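Visitor: Structure below; questions to follow.
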Amino acid sequence: MDMNTMTIAKAHTALKAKEISATELVQSCIDRIENVDGVLNAVIHKSFDSALEQAKNIDQGGEFNSPLTGIPYLTKDNYNEKGVPTTACSNVLRDKVYIPPFSSTTNERLSAAGAISIGKSNTDEFTMGGSTETSCYGVTKNPWDTTRVAGGSSGGSAAGVAADECLFALGTDTGGSIRQPAAFCNCTGLRPTYGRTSRYGVMSMASSLDTIGPLCKSVEDLAIVMETISGHDPMDGTTSKNDVPQYSKALTGDIKGMKIGLPKEYFIDGMDAEVEQSVRDAVKVLEEQGAIVKEISLPHTKYATPCYYVLCPCEVSSNMARYDGIRFGHTVNGAKDLVDYYHQVRTDGFGDEVKRRIMIGTYALSAGYFDAYYRQAQKVRTLIKKDFDDAFANVDIIISPVTPGPAFTIGAYEGDPVAMYLEDIFLDSQVMAGIPALSVPCGCTKDNLPLGLQMMGPQWGEEAILRAGDAYEKATEWSGRKASL
Amino acid sequence: MAQLSDNEVRHIAKLARINLREEQVSKFGKELTSILAYIDQLQEVDTKGVEPTEQVTGLHNAFREDEVKDGGATREELLACSPLPIVENQIQTPSAHGS
């Protein structure tokens with residue numbers, strides 16, 4: 001078995017038993033990147049030299065106390081890593097490449113555990129998109145069909161994990177950006193409860209919605225990474241002081257009597273028949289394991305995506321203001337004054353999707369429109385959250401498809417931003433409610449394209465969805481499938 | 001929701017500090033109009049008496065000590081990130097009042 005195809009759990013056992021070394025493990029991922037990334041375009045910055053050096057030090061120390069010691073991973077390009085070029089895949093930070101003098105809390109926590117960042121993964125520009133097509137480095141190809149997108153915005157992370165370029169990857173999920181690419185590429189991905197993981201040092205897109213989470217090769221690996229990256233951070237005032245559970249311990253394999261809700265609003269007219277069938281089949285698997293599945297209603301589901309596309313652009317229009325060409329980033333010569341300088345830097349530096357969101361947010365927040373858009377969306381957010389509060393009074397977890405269909409072809413939505421936004425329809429309600437949700441492989445289409453099952457838990461309810469996801473994964477063959485590249 | 005006029009698009013772009021070429025005014029006008037038409041469906045939801053949700057953490061006033069911290073980065077490292085000239089530990093920007 002090639003080392004780079006291992007799960008974290010398996011690699012840790014092999015490292016501890018000295019069957020493999022951290023150096024060999026890192027090198028196997030480097031070799032894989034060199035072999036396949038010319039086609040995939042998942043990795044946009046390589047930190048191979050520093051990764052090999054860290055691996056050497058770990059091997060010399062010979063201690064593998066954390067399950068993540070010596071484990072190579074990819075970092076999404078919107079995470080700051082000290083001394084490593086970091087651009088959020090935007091020309092505004094690429095032209096005079098931004099090299100941050102500090103690291104995100106998540107990278108720090110992983111480093112402290114001995115995990116090794118081997119490179120930066122591709123993303124839509126500042127994570128705005130669902131396909132990596134808005135990246136200034138170009139689209140990431142889907143390992144299962146290179147004419148299709150890997151999804152987004154964490155498309156580089158998902159493709160990197162699925163193609164075994166790393167053992168796991170970091171992503172961010174504001175409106176589905178971990179779960180959707182995980183589903184498109186056949187890996188697992190977790191959007192944690194908002195406030196469970198620290199956002200410090202990760203470039204903000206929509207601060208009240210952004211979350212930090214992993215993409216992995218198994219549900220067990222999600223649990224392992226979450227144990228290390230979760231918890232209160234004084235540098236992020238929205239992180240919770242609630243104790244971090246030992247997520248691995250929650251994976252008992254026993255879901256007998258677990259009450260699972262199937263929301264009728266997620267099974268819409270005209271939905272992809274293969275997607276619907278994959279979820280219906282998953283229901284059977286879960287029932288065979290003793291879970292009790294019942295239909296529920298989340299009445300405001302259809303408003304989640306319009307709600308998202310008000311609140312997100314409003315926050316974007318504010319967060320993007322920092323890219324003004326002064327403290328970092330792109331610059332221009334010959335501006336006639338400071339305001340002209342701002343205009344020129346932003347006009348050159350930002351791509352069209354970023355400009356669209358800034359303009360929608362600017363419009364929605366401007367005088368006379370605030371109540372109609374922003375305030376109304378915040379009220380609808382309350383109703384969406386209440387749907388979940390009511391549902392979780394009666395069920396332990398909720399399941400649904402991740403996406404309306406499999407990975408779409410590159411360029412499919414060019415010139416039609418709303419059609420692209422509709423790819424998010426199953427992924428925005430959880431964001432509004434701030435609840436955790438994971439994506440686990442649950443099937444494939446007749447064209448051999450992966451499909452994902454979404455499992456949602458109540459706030460701070462990661463353990464329940466990890467337990468159910470792990471039990472489901474072990475009862476099926478979907479997670480272990482690999483694309484031939 | 002009617003089509004945004006060219007002047008409205010120019011006004012929004014100006015507020016957003018973005019320059020648009022003439023052909024971009026109609027392109028963005030069409031796209032922004034389609035997005036606004038889509039988000040307009042929120043108007044049909046009855047939100048009478050519903051409180052807005054700003055955030056979902058349940059946290060209030062996360063205070064910390066008022067201590068100066070360097071965040072692990074030095075002044076020189078931070079200034080080195082700027083693309084503009086550094087004069088006496090300050091970033092020299094184009095004039096706020098024009099030349």
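Visitor: Treating only the Cβ of Lys, Arg, Asp and Glu as charged (+1, +1, -1, -1), what charge dipole size does the stretch A:258-354 show about its Cα centre? Round to the nearest 20 debye.
Guide: Values: 10 positive and 16 negative charges, 81 e Å.
Dipole about the Cα centre, nearest 20: 380 debye.
Visitor: Another question, then. Starting at 0 and stepping by 10 Å, how many percent of the alpha carbon pairs of chain B end up in each bin?
Guide: For chain B, the pair-distance distribution reads 10, 18, 19, 27, 23, 3.
Visitor: For the protein assembly as shown, report the translational diffusion coefficient in µm²/s to the nearest whole number, using Stokes-Einstein at 20 °C, 1.002 mPa s, and a Kirkwood Rh over Cα pairs.
Guide: On the way: Rh = 24.1 Å.
The calculation lands on 89 µm²/s.
Visitor: Largest first and in whole Å, what are the equivalent-ellipsoid semi-axes of the stretch A:85-136 based on the Cα gyration tensor, each being the root of 5 times an eigenvalue?
Guide: Values: eigenvalues 105, 39, 14 Å².
Values for the stretch A:85-136, descending: 23, 14, 8 Å.
Visitor: Pick out, from A:CYS312, A:ASN57, A:THR132, the residue whose Cα sits farthest towards the positive end of the charge dipole of chain A, with +1 on the Cβ of Lys and Arg and -1 on the Cβ of Asp and Glu.
Guide: After comparing all options, I get A:CYS312.
Visitor: Moving to a separate point now. Over the Cα atoms of the stretch A:81-168, what Rg and Dmax result, in angstrom?
Guide: Final numbers for Rg and Dmax: 13.5, 39 Å.
Visitor: Moving on. Size of the dipole of chain A about the Cα centre, Lys and Arg at +1 and Asp and Glu at -1 on the beta carbon, nothing else charged, in debye to 20?
Guide: Roughly 680 debye, rounded to the nearest 20.
Visitor: Could you tally the net charge around A:ALA433, taking each other residue with its Cβ under 12 Å from the Cβ of A:ALA433, Lys/Arg +1 and Asp/Glu -1? All intermediate terms of the calculation are to be shown ahead of the outcome.
Guide: Values: positive: A:ARG191, A:ARG381, A:LYS385, A:LYS386; negative: A:ASP387, A:ASP389, A:ASP390, A:ASP428.
That works out to 0.
Visitor: Moving on. Mean residue ellipticity at 222 nm from the helices of chain A, using -39,500 (n - 2.57) per DSSP H segment of n ≥ 4 over the full residue count, to the nearest 500 deg cm²/dmol?
Guide: Working: 16 runs with 179 residues, N = 485.
Theoretical 222 nm ellipticity from helices: -11000 deg cm²/dmol.
Visitor: Additional query: Within the stretch A:51-124, list the GluC sites (Glu not before Pro) lying in a DSSP loop whose Cβ has at most 13 other Cβ atoms in a 10 Å radius.
Guide: Values: sites: A:GLU53, A:GLU63, A:GLU81, A:GLU108; in loops: A:GLU63.
Answer in residue order: A:GLU63.
Visitor: May I pose another question? Report the one residue of A:VAL418, A:THR5, A:THR239 whose Cα lies farthest in the direction of the positive end of the charge dipole of chain A (charges on C-beta: Lys and Arg +1, Asp and Glu -1; origin at the Cα centre).
Guide: Working it through, the farthest residue towards the positive pole turns out to be A:THR239.
Visitor: Just the C-alpha atoms of the stretch A:157-210: what Rg/Rh do they give, with Rh taken as the Kirkwood radius?
Guide: Taking Rg over the Kirkwood Rh, I get 0.98.
Visitor: Here is a follow-up. Give me D for the stretch A:264-338 in µm² s⁻¹, whole number, from Stokes-Einstein with Rh from the Kirkwood sum over alpha-carbon pairs, 10 °C and 1.306 mPa s.
Guide: Here the translational diffusion coefficient equals 91 µm²/s.
Visitor: Sorted from largest to smallest, which semi-axis lengths in Å does the alpha carbon gyration tensor of the stretch A:1-141 give for its equivalent ellipsoid, taking the root of 5 times each eigenvalue?
Guide: On the way: eigenvalues 154, 57, 28 Å².
Output for the stretch A:1-141: semi-axes of 28, 17, 12 Å.
Visitor: Within a 10 angstrom radius of each residue's Cβ in B:13-25, how many Cβ atoms of other chains show up on average? Whole number is fine.
Guide: Shielding by partners across B:13-25 averages 5.
Visitor: If you place +1 on the Cβ of every Lys and Arg and -1 on the Cβ of every Asp and Glu, how big does the dipole about the Cα centre of the stretch B:1-55 come out, in debye to the nearest 20?
Guide: Numbers: 7 positive and 10 negative charges, 73 e Å.
Once rounded to the nearest 20, the dipole reads 360 debye.
Visitor: Give me log10 I(q)/I(0) at q = 0.24 Å⁻¹ for the stretch A:108-158, Debye formula, one equal scatterer per alpha-carbon, no solvent.
Guide: -0.77
Visitor: Also, I was wondering about something else. Could you tell me the center-to-center distance, by alpha carbons, between the stretch A:77-110 and the stretch A:126-182 in angstrom?
Guide: That distance is 18 Å.
Visitor: Here is a further query. Each residue of the stretch B:38-50 in order: what ³J(HN,Hα) in whole Hz does its phi give by Karplus 6.51 cos²θ - 1.76 cosθ + 1.60, θ = phi - 60°, with x for Gly and Pro?
Guide: Per residue, the Karplus-derived 3J(HN,Hα) values read 5, 6, 4, 5, 5, 5, 7, 7, 7, 10, 4, x, 8 Hz.
Visitor: Considering only the other residues whose Cβ falls under 12 Å of the Cβ of A:PRO101, what net charge follows from Lys and Arg at +1 and Asp and Glu at -1? Don't skip to the answer; put the middle values down first.
Guide: Numbers: positive: A:LYS82, A:ARG327, B:ARG75; negative: A:GLU81, B:ASP70, B:GLU76, B:GLU77.
With Lys, Arg at +1 and Asp, Glu at -1, the neighbours total -1.
Visitor: How many angstrom lie between the Cα centre of the stretch A:310-346 and the Cα centre of the stretch A:370-436?
Guide: 29 Å
Visitor: So, one more: Loop only per DSSP, at most 15 neighbouring Cβ atoms within 10 Å: give me the GluC sites (Glu not before Pro) in the stretch B:1-89, ordered by residue number.
Guide: Numbers: sites: B:GLU8, B:GLU22, B:GLU23, B:GLU31, B:GLU44, B:GLU54, B:GLU65, B:GLU67, B:GLU76, B:GLU77, B:GLU88; in loops: B:GLU54, B:GLU65, B:GLU67, B:GLU88.
Hits after loop and neighbour filter: B:GLU54, B:GLU65, B:GLU67, B:GLU88.
Visitor: So, one more: Out of every Cα-Cα pair in the stretch A:366-485, what percent are more than 25 Å apart? Display every interim value, and only then the final one.
Guide: Values: 2829 of 7140 pairs.
When all Cα pairs of the stretch A:366-485 are counted, 40 percent exceed 25 Å.
Visitor: Listing A:LYS256, A:LYS474 from the residue with the fewest other Cβ atoms within 10 Å to the one with the most, what is the order?
Guide: Numbers: A:LYS256 10, A:LYS474 14.
Ordered by Cβ neighbours within 10 Å, fewest first: A:LYS256, A:LYS474.
Visitor: Right, another one. For the stretch A:442-485, what value does the Rg/Rh ratio take when both radii are computed over Cα atoms and Rh is the Kirkwood radius, given to two decimals? Display every interim value, and only then the final one.
Guide: Values: Rg = 12.7 Å, Rh = 11.9 Å.
With Rg and the Kirkwood Rh in hand, the quotient comes to 1.07.
Visitor: Which whole-Hz couplings ³J(HN,Hα) result when phi for each residue of the stretch A:324-331 is put into the Karplus expression 6.51 cos²θ - 1.76 cosθ + 1.60, θ = phi - 60°, listed in order with x for Gly and Pro?
Guide: 10, x, 9, 7, 6, x, 4, 9
Visitor: In a shell of Cβ-Cβ distance under 14 Å around B:ALA73, excluding B:ALA73 itself, what net charge do Lys and Arg (+1) and Asp and Glu (-1) give? Let's see the in-between values first.
Guide: Numbers: positive: A:LYS82, A:ARG327, B:LYS69, B:ARG75; negative: A:GLU81, A:GLU108, B:ASP70, B:GLU76, B:GLU77.
Combined, the nearby Lys, Arg, Asp and Glu give -1.
Visitor: Test of understanding: ordering B:HIS97, A:HIS232 by Cβ neighbours within 10 Å, fewest first, what list do you get?
Guide: B:HIS97, A:HIS232
Visitor: I would also like to ask the following. Report, in deg cm²/dmol and to the nearest 500, the calculated mean residue ellipticity at 222 nm for chain B, where each DSSP H run with n ≥ 4 adds -39500 (n - 2.57) and the sum is divided by the residue count. Write down the numbers at each step before the final one.
Guide: Details: 3 runs with 34 residues, N = 99.
Mean residue ellipticity at 222 nm (helix-derived): -10500 deg cm²/dmol.
Visitor: Could you state the number of Å between the C-alpha centres of the stretch B:35-69 and the stretch A:223-284?
Guide: Taking the Cα centre of the stretch B:35-69 as reference, the centre of the stretch A:223-284 is 24 Å away.
Visitor: With a 10 Å Cβ neighbour count serving as the proxy for reagent exposure, in which order, fewest first, do A:LEU262, A:LEU466 appear? Walk me through the intermediate numbers first.
Guide: Working: A:LEU262 19, A:LEU466 27.
Placing the least packed residue first, the sequence is A:LEU262, A:LEU466.
Visitor: Would you mind checking which residues have amide H under 5 Å from A:SER47's amide H? H placed 1.01 Å from N; only 5 or more apart, or other chain.
Guide: A:GLY119, A:LYS120
Visitor: Using θ = phi - 60° and the Karplus relation 6.51 cos²θ - 1.76 cosθ + 1.60, list the HN-Hα couplings for the stretch A:298-308 in order, rounded to whole Hz, with x at every Gly or Pro.
Guide: Along the stretch A:298-308, the couplings run 10, x, 9, 3, 5, 8, 5, 6, x, 4, 4 Hz.
Visitor: Helix B:6-15: angle to the longest alpha-carbon principal axis of chain B, degrees 0 to 90, nearest 10?
Guide: Roughly 20 degrees, rounded to the nearest 10.
Bear in mind these aren't lab numbers, they're just calculated from the coordinates by the rules spelled out. Keep in mind that what you see is a predicted model, and the values were worked out from it rather than measured. Neighbour counts run over all protein chains shown; Cβ positions are idealised from the backbone, glycine included.
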